[in-house]
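Before any comments, here is the structure.
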Amino acid sequence: MRIGELAERAGTSTRTLRYYETQGLVRPERSANGYRVYDEAELRVVHEIRALLAVGFGLDDIRPFVACLRAGHSSGDVCPDSVAVLRRKLAEVDAYLDRLGAVRRQLHDQLTQAIAYREETCFRKRELPR
């Protein structure tokens, strides 16, 4: 298939595919007239790239997954290098969640104090003689 068909089937643009090519992630063949020609395996690679980008992986993180697919595996996440990237990303997400939990607790405490202060202030105003 040519680049336009691959882009359409993968749900991306030809510009993006050319970028993936410059990054060494997508490998087209060249026809006699110089057109890029892709086989079905490249469609699977592009789907893997897009799925990993969608959940926050960078292109360098994606390389082991692509290499795993190119090695003939049905999934890009079964090779040791891919598993290592998954473990590292999971640790990063866990660290983000810990930080978000701390921020949430701080905001909750601040809100609780603000509400208590407001209620105390309003209660005092109601008790003042007129």
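Tabulated results
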read-out: Flag if residue 84 is farther than 19 Å from residue 18 by Cα, part of a helix (DSSP H, G or I) and without any contact (Cβ under 8 Å) to a residue 60 or more places away in the chain; value: yes
read-out: Segments classed as helices (runs of 4 or more DSSP H), wholly inside segment 1-63, with at least 1 members that are farther than 26 Å from residue 83 by Cα; value: 3-10, 14-22
read-out: Inter-residue pairs, beta-carbon under 8 Å, first farther than 14 Å from residue 35 by Cα and in segment 5-17, second of a type in the set (Lys, Arg), 6+ apart; value: 10/50; 11/50; 12/50
read-out: Breaking point among (1) exposed (fewer than 15 other Cβ atoms within 10 Å of the Cβ); (2) charged (D, E, K, R); (3) closer than 20 Å to residue 6 by Cβ, for residue 48; value: (1)
read-out: From the options 48, 21, 29, residue that is in contact with a Phe, Trp or Tyr (Cβ under 8 Å, 6 or more places away or on another chain), charged (D, E, K, R) and at pLDDT 95 or above; value: 48
read-out: Where residue 32 falls short, out of the listed (1) closer than 30 Å to residue 5 by Cα; (2) surrounded by 10 or more Cβ atoms within 10 Å (Cβ to Cβ); value: (2)
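The values are calculated or read from the model by the stated rules, or taken from the named source; none is laboratory data. It should be emphasised that the depicted structure is a prediction, and the values quoted were computed from it without experimental measurement. When we count neighbours, we look across all protein chains shown, and the Cβ atoms used for this are built from the backbone with ideal geometry, even at glycine.
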